[in-house]
Amino acid sequence: MARLSDLGVDFQHWCFACGQLNPGGMHLDFEVARDRAEARYTAERRHQGYDGLLHGGVVTALLDEAMGWAIFHQGIWGVTARINVSFRLGVPVGEELRVVGEVTRDRGRLIETHGTLSRAGDETVLAEADATFLRMPETRRRELERRYSRTDEAFARVRAAIEAEEAVEHGRT
């Protein structure tokens, strides 16, 4: 898998989930493969709901972000149109978590995804989600590309790294 920050994806912005400038954010850094994004995160007390448990809205944000990066690192700009989260167990504060987002179906304008949030130590699934993303209109995409400059260059490096990894994996079979 390719780590986005190592490939020059700019996280110097205020996104609650992945932005490095947001002091209250989660500062996620994703590793990606084709149609997949994964990150590790240790839930902080400031993001808790009930004592010792991560707030459900933050759990949803983790899943939404992972599913979003599963499409976004491929150069597809989209927004969440629908998300359905199932909370399996309480998500503990202070433990390392693993969040994974995957594309399950690309229907053109709509992209369906699935995400899981689990304990990193034993892979117990704590929450999961299904979401539908809507591709952005071309004018809005261009506007955001100007705001987040050099994304095309970074995503070209991401695509090259994924293709190189797949070539090595394919050569081993």
Worksheet item: If each of residue 83 and residue 45 carries a label point 7 Å out from its Cα toward its Cβ, how far apart are those two points in nm?
Response: 2.6
Practice prompt. Pop the C-beta distance of residue 27 and residue 95 into the FRET formula with R0 = 22 Å and round what comes out to the nearest 0.05.
Written response: 0.85
Worksheet item: Taking N as the number of residues in segment 51-173, what value does Rg over Cα atoms divided by 2.2 N^0.38 Å take?
Response: 1.20
Discussion item. Just to be sure I understand the rule: take each whole DSSP H helix in the chain, project its Cα atoms onto its long axis, keep it if the span is 20 Å or more and its mean Kyte-Doolittle hydropathy is at least 0.0. Which ones pass?
Written reply: 56-72
Worksheet item: For segment 32-172, what relative contact order do you get, as a whole percent, if you take Cα pairs closer than 8 Å and at least 6 residues apart?
Response: 26
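Note down the magnitude of the dipole of the chain about its Cα centre, charges +1 on Lys and Arg C-beta and -1 on Asp and Glu C-beta and zero elsewhere, to the nearest 20 debye.
Charge dipole, the chain, about its Cα centre: 540 debye, nearest 20.
Values quoted throughout were computed directly from the atomic coordinates according to the rules given, and no laboratory measurement underlies them. All figures in this text were calculated on a predicted structure; none of them were measured in a lab. Neighbour counts run over all protein chains shown; Cβ positions are idealised from the backbone, glycine included.
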